[in-house]
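Engineer: This is the structure, below, for whatever I ask next.
The values are calculated or read from the model by the stated rules, or taken from the named source; none is laboratory data. Note that the structure is predicted; figures quoted are calculated from it, not measured. We place every Cβ from the backbone using ideal geometry, glycine too, and count neighbours over all the protein chains shown.
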Amino acid sequence: MGEVVYNVAWKKIRKYAAKPKERTDMQQLWQNTSSLLWSVISSPTIVDIIDIIIVAFLLYKLLTITRYTRASQVLKGLAVLFVIYWLSDWLGFKALNWILQMVVNNGFVVIVVLFQGELRRALEQIGRAGTSQIDRIRTGEGRQSPSNTVSEMTTALINLSRRRVGALVVIEQRTTLNDVIGSGTRMDAEISAPLIENVFEPNTPLHDGAMIVRGNRIEAAACFLTLSEDAGISRELGTRHRAALGISETTDSITLIVSEETGIISMARGGRLTRHLDVRSLTQVLEEVYEGEAGGTNLLSLLLTKRKPKEK
């Protein structure tokens, strides 16, 4: 059996070497790519180096956006598809190669259809990029100190958790949330624990919706958030958690959630949810947001990897 496969492969190689064959689109693309790589390697210029850096950065951002999403599996499937297309052309499978060629020639349209959600989120991040809220705090916006802001927010969320009052607090970062703020009721007030607790008090006008925090001020309450479309979210999670994941998928904001059913405090960031935050971990998360540190420990990295800091 092995000898038969070897003979077939050898005949294919001799056929390609002895008889010139009409180049397909994939062969032409491979030749152009090889020529480009050879010209870059043989005599690189400063323009080539800058070009390579830009392409590498774009590929890195693409992998970052699609990481931990269904798009990463689609990318792997497309890579396998291109490999099969090349093998079918090399082995002479004309019918299979013709079908795959139709897909390759319309690859741009296929990518747009498959990645429409990810492309929309990427364009939103580019178009809505604004000034870092950390910079606004350090330039003196508002009179409240970062440590006081951390203390007031921690006290409010812990009290709401003990009373099992649902809450949804979105902390703006580099990506501005003006469109989300416009969907709610403007407040423009300094952060205080009684104010936060009063906003989320049941049967009050502003309790239903999200609170948007910009720097050390509450910009708006009762804001509407788009729910996440991820089908892998646990059915145990309610609308608040889905809304928090939805805004974390399209912006770099940090969202804190208090469950109305269980009182559990959770954090949504980068499309991932971390649950069971206690007083210590919640304080360290807010310290890293407002003061640029977390007690000497990169707590957000630990939380995003679903590890809890060890108790002293």
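Every residue, every condition in (1) within 22 Å of residue 291 (Cα to Cα); (2) out of contact with any Leu (no Cβ under 6 Å at 6 or more places or on another chain), yes or no:
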| residue | (1), (2) |
| --- | --- |
| 150 | yes, no |
| 164 | no, yes |
| 167 | no, no |
| 173 | yes, yes |
| 178 | no, yes |
| 182 | no, yes |
| 190 | yes, yes |
| 195 | no, yes |
| 208 | no, yes |
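Engineer: Are there helices (runs of 4 or more DSSP H) fully within segment 102-177 with at least 3 residues that are in the same structural domain as residue 244 (by TED's automatic domain parsing), modelled with pLDDT of 70 or more and surrounded by fewer than 16 Cβ atoms within 10 Å (Cβ to Cβ)? List them. If you could, list the steps in order and put the result at the bottom.
Structural biologist: Details: elements: 107-114, 116-127, 133-138, 146-163.
The helices (runs of 4 or more DSSP H) meeting that bar are 146-163.
Engineer: Using beta carbons and a limit of 6 Å, which pairs, at least six apart or on different chains, have the first residue in segment 266-284 and in the same structural domain as residue 151 (by TED's automatic domain parsing) and among the basic types (Lys, Arg) and the second one part of a helix (DSSP H, G or I) and buried (at least 17 other Cβ atoms within 10 Å of the Cβ)?
Structural biologist: Between residues of segment 266-284 that are in the same structural domain as residue 151 (by TED's automatic domain parsing) and among the basic types (Lys, Arg) and residues that are part of a helix (DSSP H, G or I) and buried (at least 17 other Cβ atoms within 10 Å of the Cβ), the close pairs are 269/248.
Engineer: Would you point out the residue of segment 256-308, among those that are among the polar types (S, T, N, Q) and outside any loop (DSSP other than H, G, I, E, B), that is modelled with the lowest pLDDT? Before the answer, list the steps.
Structural biologist: Residues of segment 256-308 that are among the polar types (S, T, N, Q), as a first pass: 259, 262, 266, 274, 281, 283-284, 297-298, 301, 305.
Applying the additional criterion that residues be outside any loop (DSSP other than H, G, I, E, B) yields 266, 274, 281, 283-284, 301.
Details: 266: 95, 274: 92, 281: 93, 283: 93, 284: 92, 301: 44.
Checking each candidate, the answer is 301.
Engineer: If you take the residues in segment 40-62 that are surrounded by 12 or more Cβ atoms within 10 Å (Cβ to Cβ) and either hydrophobic (A, V, I, L, M, F, W, C) or at pLDDT below 65 (or both), which one is farthest from the chain's Cα centre (by Cα)?
Structural biologist: This residue is 40.
Engineer: Just to be sure I understand, how many residues within segment 197-246 are in a loop (DSSP other than H, G, I, E, B), within 19 Å of the chain's Cα centre (by Cα) and crowded, with 17+ Cβ neighbours inside 10 Å? Please lay out each step first, then the result.
Structural biologist: Step one: of segment 197-246, the residues in a loop (DSSP other than H, G, I, E, B) are 200-209, 215-216, 224-238.
Checking the rest, the ones that are also within 19 Å of the chain's Cα centre (by Cα) come to 225-234.
Remaining after also requiring crowded, with 17+ Cβ neighbours inside 10 Å: 225, 228.
Final tally of qualifying residues: 2.
Engineer: If you check every pair at least six apart or on different chains, which have Cβ atoms under 7 Å apart with a residue in segment 172-187 that is over 8 Å from residue 220 (Cβ atoms) first and a residue that is assigned to a strand (DSSP E or B) and at pLDDT below 85 second?
Structural biologist: Short answer, once both residue conditions are applied: 174/129; 175/129.
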